[in-house]
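Heads up: the structure comes next, in structure tokens.
The values are calculated or read from the model by the stated rules, or taken from the named source; none is laboratory data. Here the structure is a predicted model, which is why all the values come from computation and not from measurement. Note: ideal-geometry Cβ built from the backbone for every residue, glycine included; neighbour counts use all protein chains shown. SASA here: full protein model, heavy atoms, side chains in, ligands and nucleic acids out. Shrake-Rupley method; radii C 1.70, N 1.55, O 1.52, S 1.80 Å.
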Amino acid sequence: MDRVTKMVSERAVVIFSKSSCCMSHTIKTLFCDFGVNPAVHELDEIPRGRDIEQALSRLGCSPSVPAVFIGGELVGGANEVMSLHLNRSLIPMLKKAGALWV
């Protein structure tokens, strides 16, 4: 859990993902299209990725990927991010966290 806490503090937007997950790809693309430069951790490609995935599950991420943190706070997965985007809350949240300047 401490490792996850440290990782989510490294950038305004942090995405835990798996390289083979289509929903993770969609979320990463959405943020990149906004001009956000998130820290992306591919859990199937990094050491101890399985441990991190279990820690994310304990935090309430279900499914465990994609897991999106903005400003160090857990936003949730693809459903939560898309809901925020559709109700026009995502961009202000990204600006507040310092991930967007426009």
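Being assigned to a loop (DSSP other than H, G, I, E, B) and touching a strand residue (DSSP E or B) at 6+ places or on another chain (Cβ under 7 Å) is the filter here; which residues of the stretch 91-102 pass it? Across the stretch 91-102, the qualifying residue is only ALA99. Number of residues in the stretch 1-12 that are part of a helix (DSSP H, G or I) and open to solvent by 60 Å² or more (accessible area, probe 1.4 Å) equals 4. Scanning the stretch 43-73 for residues that are aliphatic (A, V, I, L, M) and surrounded by 18 or more Cβ atoms within 10 Å (Cβ to Cβ) yields LEU43, ILE52, ALA55, LEU56, VAL65, ALA67, VAL68, ILE70. With respect to the stated conditions, SER89 fails to be within 20 Å of MET23 (Cβ to Cβ), touching a residue at least 12 places away in the same chain (Cβ under 8 Å) and small (Gly, Ala, Ser). In the stretch 52-74, the residues that are on the phi > 0 side of the Ramachandran plot form Cβ pairs under 7 Å with partners that are surrounded by fewer than 19 Cβ atoms within 10 Å (Cβ to Cβ) and hydroxyl-bearing (Ser, Thr, Tyr), at six or more places apart or across chains, as follows: GLY72/SER9. Residue count for the stretch 13-42 under the criterion of being surrounded by 21 or more Cβ atoms within 10 Å (Cβ to Cβ) and aliphatic (A, V, I, L, M): the result is 4. Scan the stretch 65-90 for residues that are part of a loop (DSSP other than H, G, I, E, B) and either β-branched (Val, Ile, Thr) or under 11 Å from the mean Cα position of the chain (by Cα) (or both) and report the count. Looking only at that region, the number is 5.
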